[in-house]
1. Apply the membrane-span-like helix rule to the chain: whole DSSP H runs, Cα extent along the own long axis of at least 15 Å, mean Kyte-Doolittle hydropathy at least -0.5. List the helices found.
2. Counting only trypsin sites (Lys or Arg not before Pro) that are in a DSSP loop and have at most 10 other C-beta atoms within 10 Å, tell me the longest site-free stretch of the chain.
3. Name the longest site-free stretch of the chain, where the excluded sites are chymotrypsin sites (Phe, Trp or Tyr not before Pro) in a DSSP loop with no more than 13 other beta-carbon atoms within 10 Å.
4. Just from its helices, what would the mean residue ellipticity at 222 nm be for the chain, if runs of 4 or more DSSP H residues each count -39500 (n - 2.57) and the sum is divided by every residue, rounded to the nearest 500 deg cm²/dmol?
5. On average over all directions, what projected area in square nanometres does the chain have, based on the convex hull of its Cα atoms?
6. So which GluC sites (Glu not before Pro) in the stretch 1-47 pass both tests, a DSSP loop state and at most 13 other Cβ atoms within 10 Å of the Cβ?
7. How large is the Kirkwood hydrodynamic radius of the stretch 1-41, in angstrom, based on all distinct alpha carbon pairs?
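Bear in mind that the values in this text are calculations on the coordinates, not laboratory data. Since we're looking at a predicted model, the values are computed, not measured. Don't worry about glycine lacking a Cβ; one is built from the backbone with ideal geometry, like all the others, and counts go over all protein chains shown.
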Amino acid sequence: MPQLAIYIDDDLSKKLNKAIKASGKSRSRWVADLITEKLEDEWPERFFELAGSWAGEETPEQIMSKIRKGLEQPESREDLSS
C-alpha cells in the first residue's frame with residue numbers, strides 16, 4: 001500500500017491532532033477518509049430529490065448541466081498586484 005508524507009506547520013498539526021482525536025479514528029484512517037470524500041465524484045445521497053423542490057419548468061438534468069457548466073468557468077478575481 002502506498003504511503004504519503006506531508007509537511008505542515010505546528011498550528012495546523014495541533015488542529016489536525018485535535019480533529020483526529022475527536023473522530024476516534026487513527027491518523028491514517030482520518031486522512032484516507034478525508035481524501036476519499038474530497039475525490040468522490042458522485043452526488044450526495046438524496047441530492048436529486050432537491051431538484052424538483054423549487055418552481056420552474058427545467059428538468060433536473062437541465063439544471064445540473066447549468067451548474068456543471070458554471071463550475072467549469074474560472075472565477076474572475078481582482079488583480080491585487082498593484
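1. Qualifying helices, which must be both long enough and hydrophobic enough, are 27-39.
2. For trypsin sites (Lys or Arg not before Pro) (loop position, at most 10 other Cβ atoms within 10 Å), the longest site-free span of the chain is 1-45.
3. 8-53
4. Value at 222 nm, helices only, nearest 500: -15500 deg cm²/dmol.
5. Hull-based average projected area comes out at 10.6 nm².
6. Passing sites in the stretch 1-47 are Glu40, Glu42, Glu45.
7. That comes to 11.3 Å for the stretch 1-41.
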